[in-house]
Amino acid sequence: MYEVELKVEADHERVRDALEAAGATPVDHVRQVDTYYDAPQREFADTDEALRLREETQLDADGQARDTTTKITYKGPLVEQASKTREEHETAVDNADAAAGILDGLGFEPAATVAKERERFELDGYTVTLDAVDDLGSFVEVEREGAESEIEALRTGAVELLRELGLEPDDQIRTSYLGLLLAGDTRE
């Protein structure tokens, strides 16, 4: 499965208004803390891969924490230049500490942590995410999963959706939040 994603820096209030006008459906509001790992046998920064352990806490309407889940994710290298598309494999884990212990036991070491609040919406089959990333700022991601044969059509749809929301697809940021943080890019 491939994740086709376009990300731009954006003012969330303006985008929320555009999402409401377009009839988007609110999905959830979460706090995510992502710990990225370095592999003992290769440098993920050099191979453009990522291994992440994500703790996600559901937030209620008042911003209070509810349930927390944990997932482990492998992200392969980017597969095209026009978007942030990559192969992705993800699964839930029952115990975050045990998963971290397994990674540690295999020689994987925590490299960095990315923390953010996310508001997710569904619109035209895409997930539109408003991200407030600690130490970076406010971003909007438009994404959808599909087969390799669908990448171009999904990217075209994401570009059209960004425009519908009043955002400029040419302002796309292809660097991950992790990459921006490691590069010392503080946009706030």
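Computed from the coordinates by the stated procedures, all read-outs in this text should not be read as laboratory data. None of these values were measured; they are calculated from a predicted model. When we count neighbours, we look across all protein chains shown, and the Cβ atoms used for this are built from the backbone with ideal geometry, even at glycine.
Listed values, structure above:
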| quantity | calculated |
| --- | --- |
| Inter-probe distance in nm under a simple model that places probes 7 Å from Cα toward Cβ, at His12 and Thr91 | 3.3 nm |
| Label-point separation, Asp67 to Ala183 (7 Å along Cα→Cβ), nm | 3.7 nm |
| Cβ-based net charge around Ala39, under 11 Å, with every Lys or Arg adding one and every Asp or Glu removing one | -4 |
| Segment 105-125 and segment 36-84: distance between their alpha carbon centers, rounded to Å | 4 Å |
| Per-pair calculated FRET efficiency, R0 = 22 Å: Glu55 and His29 via Cβ, rounded to 0.05 | 0.90 |
| Reach of Lys75 by Cα under 14 Å, taken over aspartates and glutamates that are not fewer than 8 positions away in the same chain | Glu3, Glu5, Asp34, Asp38, Glu43, Asp46, Asp48, Glu49, Glu87, Glu88, Glu90, Glu145 |
| Lys, Arg +1 and Asp, Glu -1 on Cβ, resulting dipole of segment 2-182 about Cα centre, debye, nearest 20 | 120 debye |
| Spin-label model distance (nm) - Asp48 vs Asp135, 7 Å beyond Cα toward Cβ | 2.5 nm |
